[in-house]
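Peer 1: Take this structure, written in structure tokens, and hold onto it; I'll ask about it next.
Readers should treat all values here as calculations from the given coordinates under stated rules, not as data from a laboratory. All values reported here derive from a predicted model rather than from experimental measurement. Reconstructed Cβ throughout: ideal geometry from the backbone, glycine too, with neighbour counts over all protein chains shown.
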Amino acid sequence: MTWSTDELNKIAAADDLHIAPYRADGTTYGTPTWIWSVVVDGAVYVRAYNRQRSSWYKAAMKQKAGRITVAGMTREVKFSAAGDHLNEKIDDAYRKKYSSSPYLHPMIGAQATSAGVKIEPRANPNAS
């Protein structure tokens, strides 16, 4: 599955993404955590402010799935490491979207970039 253009536009404009990776049981969602999100090259990316020690980040990397709520949408998603190849583009997207925030500098620093996550839509596991 891929994001629709409409979904990407809504996510790019929104400042309200909540991420909820599965808990250790693989079926129960964790507590939704508000995080910054950006859209780069047709994909959604987030970073952990508290780096790789963030509980949501650890759960996302271990469970590889969960859900997000953003711009009035709730979507089942899969998570993967963002990798380093797009760090500059992701940094630029953060600079553009969150330029007035005092938290911008840590989000484009080495520690946060090491905790980057790509979010992709997945089929609803409860759909019939």
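Peer 1: Can you find, within segment 62-91, the residue that is farthest from Tyr22 (Cα to Cα) among those that are surrounded by fewer than 19 Cβ atoms within 10 Å (Cβ to Cβ) and hydrophobic (A, V, I, L, M, F, W, C)?
Peer 2: This residue is Leu86.
Peer 1: Related question: Output the residues belonging to segment 47-106 that are under 16 Å from Ala13 (Cα atoms) and either within 11 Å of the chain's Cα centre (by Cα) or among the small types (Gly, Ala, Ser) (or both).
Peer 2: Ile68, Thr69, Val70, Ala71, Gly72, Ala93, Ser99, Ser100, Ser101
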